[in-house]
Amino acid sequence: MCQAQEEYGGCDQPRRRPRVSCAQKCMKCKEASPVLVIRVGDAFCKACFREYFVHKFRAMLGKNRAIYPGEKVLLALSGGPASSSMLRQVQEGLSRETAKKLRFMPGIIYVDEGAVCGQSLAEREKTLLQLETVLQASGFPYHLAHLEEVFDLPSSILQRVPHHPAGPKDNYKEAVEGFIRQQRQEEGGGPSVPERQIQEKLAKVSVRDAPGMEGLAAPEARLLAAVRTEQLIRLFGSVKTLTAKEELLQTLRNHLILHTARAHGYSKVMMGDSCTRLAVKLLTNLSLGRGASLAMDTGFSDDRHGDVVVVRPMREYSAKEIAFYNHLFGVPTVFTPALDTKALEKASIHRVIERFLYGLQAEFPSTVSTVYRTGEKLSVTPGDAGPAAEPERCLLCLCTLDTNVEDGSALQAILVSERLSQQKLPAAAPAGRGCCLGAEEQRGCCMNTTAPGADARADFLPLLCYGCRLTIKDTTCLESLPLYVRSEAERRKRRAAMKLEIQEFLLEDEAVTPGES
Amino acid sequence: MAAPMSLLVEFGGGAELLFDGVKKHQVTLPCQPEPWDIRNLLKWIKQNLLKERPELFIQGDTVRPGILVLINDADWELMGELDYKLQDQDNVVFISTLHGG
């Protein structure tokens, strides 16, 4: 009787953590003694855990059928536990016997964010050196990028490139079979090139994407790098809150990864977000006003860029499973301080949410998975405009704009109250002229509401989704944003203006000759 | 009365930053009237090893949520958590799974 009660949990505390003891056996093989507890009370031994972990990765890729054989896939490696363990899974998958082999061509990208996270040049060199050891050991081609390179990105990064994959989902099986057949033919006739050799060749073409960033002879290059670092630090220095900094960093990092993927012909990018991280991200993004793009931000595959699809194959693993796997099977990780390292617990929304979730998780072990499963149910719906009309997209995150909503929405209310509170100033000003004194001098008199900075901002904000607007509102100096962002903003503004100018004619034109393109 | 014992205490996942960046600590625990368990060890770490921001490592009498504890390469949940009685030459590992360590 006692047993039954224990198993189903008491009525008082239904989901509190049940006690497990070392005397228990592995729940899978029922022989070996367990080394860790995953989920509620499931104890696994080392061998079974390994099998479970490896299987989950393959199952994730198999189930979603997102990656076609022979496709070039870019692994985004941060050196942290989840992405390092993802790299190991890909290595395992590629080294398997043919029947179970993963059949894509991986490459790795590492983005060095040391400048923003307050690392000195010497520290950054040291981290890079550690990472290069890991990258070289992987045998895959790799790209080292520095966050400073965002200042040299083309503005095409902010444009969606429409992409029609070779075939819809049902063709996946055919694609795989075709690939295998082709491989067999190659092996049968003609000189077969052992995979090893191909891999070695791939490894040789490893490119260091940043000529001149690292102590290369040319002094100009070094100078440029220093200037770029300076620019980057100025940009992040002008962001008022840690929350906005985190968001901006994430946006810029994604742009840089996307650029590398496009430049080298990768059609997929693998990110190592774990289930725990996604649960935190889900709640964080909700709090940041990014609810409309949750499905994109946290889903398995994310095709906002069109031609390059981001996939998150680690999303079924909890942070604990990953940490244990890395520890038990010697997966090398390189710790790099992040923006919020050693920050206070309430320093940013990300931090607060993380603490909240982890705190709950400690008492109720299914918290994270419940949040995650809820998020899993979200999916992207095609906009009301139908598939024919390309919806407007946010300048920064490329999600469909959530700001062209009908009257009566919360966003409209915010905008109205914002406008009202701004109008109040000039009305109140004539009564007391004291408002012009004090620290406001630099920005001109408060009656003069058309300060140049404010003007640029007013032009900029309508191009963004609600979440990105909040980030940009906390960025005091828009001029320090990278050129590609500003020039793309300029281009969109011009296009919108032109569209407005010729709109009359367009409508007429359409009415007369609807069939003409 | 517990005899002095020698332990290998390790920190990872960024937790080492609170310990001067040192990952491995070979420590010797002094004699004390009651036997050494994890609860006492945490107190001892707080007083002797922890260099800054104790609240980022310890909360109340246990570790901060998000920090994993491994005793001899096994989950501490299997070993009785805070009540585990330490043995000589035990290996205790703390791994932070929190963002930024």
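Packing here is the average count of other Cβ atoms within 10 Å per residue, and on that basis the peptides B:3-11, A:100-108, A:117-125, highest first, run A:100-108, B:3-11, A:117-125. Taking amide H as placed 1.01 Å from N in the peptide plane, A:HIS146 has its amide H under 5 Å from the amide H of A:ASP112, each at least 5 places away in sequence or on another chain. Once you have the Kirkwood Rh of the range A:108-158 from its Cα pairs, apply Stokes-Einstein at 25 °C and 0.890 mPa s and quote D in µm²/s. This corresponds to a translational diffusion coefficient of 202 µm²/s.
Net length available on complete extension from A:GLU390 to A:LEU344 is 12.3 nm, with 0.36 nm assigned per residue and the Cα-Cα distance removed.
About the centre of its Cα atoms, the range B:5-96 shows a dipole size close to 340 debye [charges on the beta carbon of Lys, Arg (+1) and Asp, Glu (-1) only; nearest 20 debye]. Averaged over its residues, the range B:5-96 has an accessible area of 41 Å² per residue, based on protein heavy atoms and a 1.4 Å probe.
The string of couplings for the range A:115-127 from the Karplus curve (6.51, -1.76, 1.60, θ = phi - 60°) is 4, 6, 8, x, 8, 6, 4, 4, 5, 5, 4, 5, 4 Hz, one whole number per residue in order, with x for Gly and Pro.
For the range B:5-96, compute Rg over Rh where Rg is the Cα radius of gyration and Rh is the Kirkwood radius from the inverse mean 1/r over Cα pairs.
On the way: Rg = 12.0 Å, Rh = 13.1 Å.
We get a ratio of 0.91 for the range B:5-96.
With a Förster radius of 41 Å applied to the beta-carbon distance between B:GLN87 and A:LEU224, the computed FRET efficiency rounds to 0.10.
Close amide H partners of A:ARG65, meaning residues 5 or more places away or on another chain with modelled amide H under 5 Å apart, do not exist here.
Which shape class, rounded, prolate or oblate, goes with the range A:66-154 when its Cα gyration tensor gives a ≥ b ≥ c as root eigenvalues, a/c under 1.5 marks rounded, and past that a/b bigger than b/c marks prolate? The shape class here is prolate. Remark on the range A:305-328: accessible area falls by at least 30 square angstrom from chain-alone to full-complex state for A:LYS320, A:ALA323, A:PHE324, A:HIS327, probe 1.4 angstrom. I'd like the antiparallel share, as a percent to the nearest 5, of DSSP beta bridges with both residues in the range B:5-96. DSSP beta bridges in the range B:5-96 are roughly 75 percent antiparallel.
Taking each of A:LYS46/A:LYS101; A:LYS46/A:LYS72; A:LYS30/A:LYS56; A:LYS72/A:LYS101 in turn, the alpha-carbon distance tops 25 angstrom for A:LYS46/A:LYS72.
For the range A:60-133 versus the range A:222-298, the inter-centroid distance based on Cα atoms is 17 Å. Exposure check, 1.4 Å probe, all protein chains in place: B:TRP76 carries approximately 30 Å² of accessible surface. Converting phi to 3J(HN,Hα) with the Karplus coefficients 6.51, -1.76 and 1.60 and the offset θ = phi - 60°, the range A:290-299 yields 10, x, 5, 10, 4, 4, 5, 5, 10, x Hz in sequence order, with x at every glycine or proline. Here r is the Cβ-Cβ distance between A:ARG457 and B:VAL22 and R0 is 45 Å; the resulting FRET efficiency, rounded to 0.05, is 0.45. Under 5 Å between amide hydrogens, built in the peptide plane, is the criterion, and for A:ILE108 it picks out A:LEU75, A:TYR142, A:HIS143 among residues at least 5 positions away or on other chains.
Rounded to the nearest whole Hz, the Karplus-based 3J(HN,Hα) values (6.51 cos²θ - 1.76 cosθ + 1.60, θ = phi - 60°) of the range A:235-240 follow the sequence 4, 6, x, 7, 8, 6, with x at glycine and proline.
The values are calculated or read from the model by the stated rules, or taken from the named source; none is laboratory data. For clarity, every value in this text was computed on a predicted model and none was experimentally measured. Heads up, the Cβs are rebuilt from the backbone with ideal geometry, glycines too, and the neighbour counts pull from every protein chain shown. Surface areas here come from the heavy atoms of the whole protein model, side chains and all, with no ligands, DNA or RNA. Shrake-Rupley method; radii C 1.70, N 1.55, O 1.52, S 1.80 Å.
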